[in-house]
Amino acid sequence: MPTPSGAPAASEVLAGPVEVCVDRPILALDRPFTYDLSPELEAGVGSLVRVRFAGKLTRGWVLGPSAEIPRRILPVLARVAPVRAFDDRGLALARWIAERYVSPLATAIGAMSPPRVAGEEDVQAAAAAPIPPVDLVSPRLTSYRGGSALLAAVSADPGSFVLRPSPEDEQALVVETVGACLHAGRRAIVVVPEASPLPATAAALRDAFGGAVCLFLGGDRRGRYRSWLDIRAGAFAVVVGTRPAVFAPLEDLGLLFVSRESHPAHHEDRAPYHHVREVALRRGGAERAAVVLAAACPSSEAAALGLPIVTPARRRWPRVEVVRPGVEGRAPRLLAALRGTRRGFVYAPVPGAGIAQICRTCGAPAACAACGGPLRLEEGAIRCIVCQAPGRCAVCGGADFGIRRGGAERVEAWVRGVAAVPVSRPARPRLPHASGEIVIGGAERVRDLGVGGLDLVAVLDADEAERRSGLAGPERALTIWMEAVGWARPDARVIVQSSHPGDPALQALVRGNPDRFWERERERRAAAGFPVGAPVFRVVGTAELDATLAAIEPITALTTTLGDRTVCLLALEPGRVPAFGRAMRDLAGRGVVERVEAEPQL
């Protein structure tokens, strides 16, 4: 792997004063420290070493030669692992993550590889494998607008694209794009949002390229570290995995493909709070690899990047009928359709069988005795939606409630009464049986399951999308709807129950095209003070925090005081993030800032 001019090669042994990132992920300590490295340790950039810090033994990573030589310098005591965690380009990416998401560099480095299992380092490393020959036959992408340019980027002239595949082409296009990358003699990473059940995208790549594919999905700690070591050794040409796969240490990287880009699982909800989309674009640019952000309904953030959008020249989208809701979702047109359906999916986003309305013992409105939250009837028991405590009245402690019926369990019951085929609400996501079945489920059942070929897809409680918490609630609902509707045959029936047929998200679903919805989202989020694409941070600290943050000139700053703690929610211009990060590190050192969270769920 080439290295930047003037930087040591990844395999070079360093000696003398070196910078070490101490494994103390505290923002106030986010700077390298100088130690004296003995050549006998055979360590270099990326080596995990043991040092003494603040009087205690701790681990750290060697970053490179040190330009600052303190008067008193402690020695590096030992090299902990023979395997280096990163090279120069990996270090550059970690530094970018630490700056972009205002996190300690140690946290960013820790996110880039799985936890170490020393015993696996003693196992014979997998042999490096050549990139397998691939024949490109009847490419589908050439029939897409912009498809030829995407294939050219993967083959020779790297660039970034947003891909909106037809539902029936989704897995085939991933295989084709990866095949073009391998044909050009380079390697590929495909990032999927979920590991279980095995995504259809991962299965299609495994079937197409066999042993050249590493499924970096789930598994125990030992297995994940073993896979990472084999990837590092060059044993695979293709890595398919969840969020950590975006860091897979592949040589000759030619493609980063983000599947179902708009899925929330691509955002890490723990420090360093990175998003796969942004990391992929950054790494692709640094390593001259093509980046493809693919989704039936890409996110507003992806659309705002101004990248070329690759779409079918002729999109086949089923006719979507919007009808007014019936009692518990039983609209007459839906009931008639269910009677003649052989294979169908009913999207019922509200779980359970009903919501408790009133305590029959004392007459008070139903509320949880533990936290005051709402109570739901689910699987025959009443529990709090918020804290999951057994249902007890907040006023009298009673357990007898009046229930407003509704939810997926009730939907299953009444669909079973009208359907001519079996009806189920399976514990694991799956498509209806080929012999005939109607499946009921919520968002947790809408996964990458492959081509559905269903006769009917129904969307109940669509108006709940407007009541979803957060700025991105309507967009997340539209994404799920479009993925579910993608299971329908082009000539199948799709019925959506809503009292607001003119809602922008519903109109996007009817057209099968989110362009106008994206325009509306940009306007709506800008009016709320959180423009699409603007970095957002939540900062927790002391009362001094509010006045200090004002000097950074945020787009929006919302401040709440809770006792002696202050919580600030900020939206920034992208160019102000480095200065903001420096200020946060300084304030953390002074005890003003306690925690910084990037891209919190709004």
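The values are calculated or read from the model by the stated rules, or taken from the named source; none is laboratory data. Quantities reported herein were computed from a predicted structural model and do not represent experimental measurements. Ideal geometry is used to build each Cβ from the backbone, glycine not excepted, and the neighbour counts take in all protein chains shown. Side chains included, ligands, DNA and RNA excluded: accessible areas come from the protein's heavy atoms. Shrake-Rupley method; radii C 1.70, N 1.55, O 1.52, S 1.80 Å.
One residue is enough: does the range 16-37 have a residue meeting the conditions open to solvent by 30 Å² or more (accessible area, probe 1.4 Å), modelled with pLDDT under 95 and closer than 24 Å to ALA125 by Cβ?
no
Filter the range 431-448 for residues that are open to solvent by 40 Å² or more (accessible area, probe 1.4 Å) and under 26 Å from THR242 (Cα atoms) and give the result.
Answer for the range 431-448, where residues must be open to solvent by 40 Å² or more (accessible area, probe 1.4 Å) and under 26 Å from THR242 (Cα atoms): GLU444, ARG445, ARG447.
Any residue in the range 586-602 that is assigned to a helix (DSSP H, G or I) sitting within a Cβ distance under 8 Å of a residue that is modelled with pLDDT under 90 and surrounded by 19 or more Cβ atoms within 10 Å (Cβ to Cβ)? List the pairs, counting only those 6 or more apart or interchain.
That search, which allows pairs on different chains as well, returns LEU587/LEU545; LEU587/THR548.
Which residues, taken from the range 160-195, are among the small types (Gly, Ala, Ser), open to solvent by 20 Å² or more (accessible area, probe 1.4 Å) and farther than 14 Å from PRO133 by Cα?
Matches in the range 160-195: SER160, ALA172, ALA195.
For the range 54-157, which helices (runs of 4 or more DSSP H) that fit wholly inside it have 2 or more residues that are under 30 Å from GLU599 (Cα atoms) and charged (D, E, K, R)?
Result: 88-100.
Would you please list the contacts, defined by Cβ atoms under 9 Å and residues six or more apart or on different chains, that run from a residue in the range 557-582 that is within 15 Å of PRO531 (Cα to Cα) to a residue that is of a type in the set (A, V, I, L, M, F, W, C) and modelled with pLDDT under 90?
ALA557/LEU549; ALA557/ALA550; LEU569/LEU602; LEU570/LEU549; LEU570/ILE552; LEU572/ILE552; ARG576/ILE552
Could you list, in sequence order, all residues of the range 48-94 that are closer than 27 Å to TYR273 by Cβ and among the small types (Gly, Ala, Ser)?
Selection gives ALA54, GLY60, GLY64, ALA81, ALA85, GLY90, ALA92, ALA94.
So which of VAL322, VAL421 is modelled with pLDDT of 95 or more, in contact with a strand residue (DSSP E or B) (Cβ under 6 Å, 6 or more places away or on another chain) and over 30 Å from GLY502 (Cβ atoms)?
Going through VAL322, VAL421 in turn, the sole match is VAL421.
When only residues in the range 340-349 that are in a loop (DSSP other than H, G, I, E, B) and small (Gly, Ala, Ser) count, which is most open to solvent (accessible area, probe 1.4 Å)? Please lay out each step first, then the result.
Start the filter on the range 340-349 by keeping residues that are in a loop (DSSP other than H, G, I, E, B), which leaves 340-342, 348-349.
Pick out the ones that are also small (Gly, Ala, Ser) and you get 340, 348.
Working: GLY340: 71, ALA348: 4 Å².
The selected residue is GLY340.
Applying the selection to the range 478-510, what residues are free of Cβ contacts under 8 Å to residues at least 60 places away in the same chain and either among the β-branched types (Val, Ile, Thr) or part of a helix (DSSP H, G or I) (or both)? Please lay out each step first, then the result.
We begin by selecting, within the range 478-510, every residue free of Cβ contacts under 8 Å to residues at least 60 places away in the same chain; these are 500, 502-505, 507.
PRO504, ALA505, GLN507 - these are the residues of the range 478-510 that are free of Cβ contacts under 8 Å to residues at least 60 places away in the same chain and either among the β-branched types (Val, Ile, Thr) or part of a helix (DSSP H, G or I) (or both).
Give the range 318-331 a look and list any residue that's in contact (Cβ under 8 Å) with a residue 40 or more places away in the chain, out of contact with any Ser or Thr (no Cβ under 8 Å at 6 or more places or on another chain) and either open to solvent by 40 Å² or more (accessible area, probe 1.4 Å) or among the aromatic types (Phe, Trp, Tyr) (or both), or say none.
Across the range 318-331, the qualifying residues are ARG319, GLU328, ARG330.
Among (1) of a type outside the set (D, E, K, R); (2) surrounded by 21 or more Cβ atoms within 10 Å (Cβ to Cβ); (3) within 34 Å of the chain's Cα centre (by Cα); (4) farther than 30 Å from VAL494 by Cα, there is one condition CYS393 misses while meeting the rest; what is its number?
(3)
Taking GLY219, is it surrounded by fewer than 21 Cβ atoms within 10 Å (Cβ to Cβ) and either part of a loop (DSSP other than H, G, I, E, B) or among the hydroxyl-bearing types (Ser, Thr, Tyr) (or both)?
Against the criterion (surrounded by fewer than 21 Cβ atoms within 10 Å (Cβ to Cβ) and either part of a loop (DSSP other than H, G, I, E, B) or among the hydroxyl-bearing types (Ser, Thr, Tyr) (or both)), GLY219 qualifies.
Which one is surrounded by the fewest Cβ atoms within 10 Å (Cβ to Cβ), of the residues in the range 48-67 that are touching a residue at least 40 places away in the same chain (Cβ under 8 Å) and of a type outside the set (A, V, I, L, M, F, W, C)?
PRO65
I need a count of the residues in the range 417-430 that are exposed (fewer than 14 other Cβ atoms within 10 Å of the Cβ) and not in a loop (DSSP other than H, G, I, E, B).
Here the count works out to 1.
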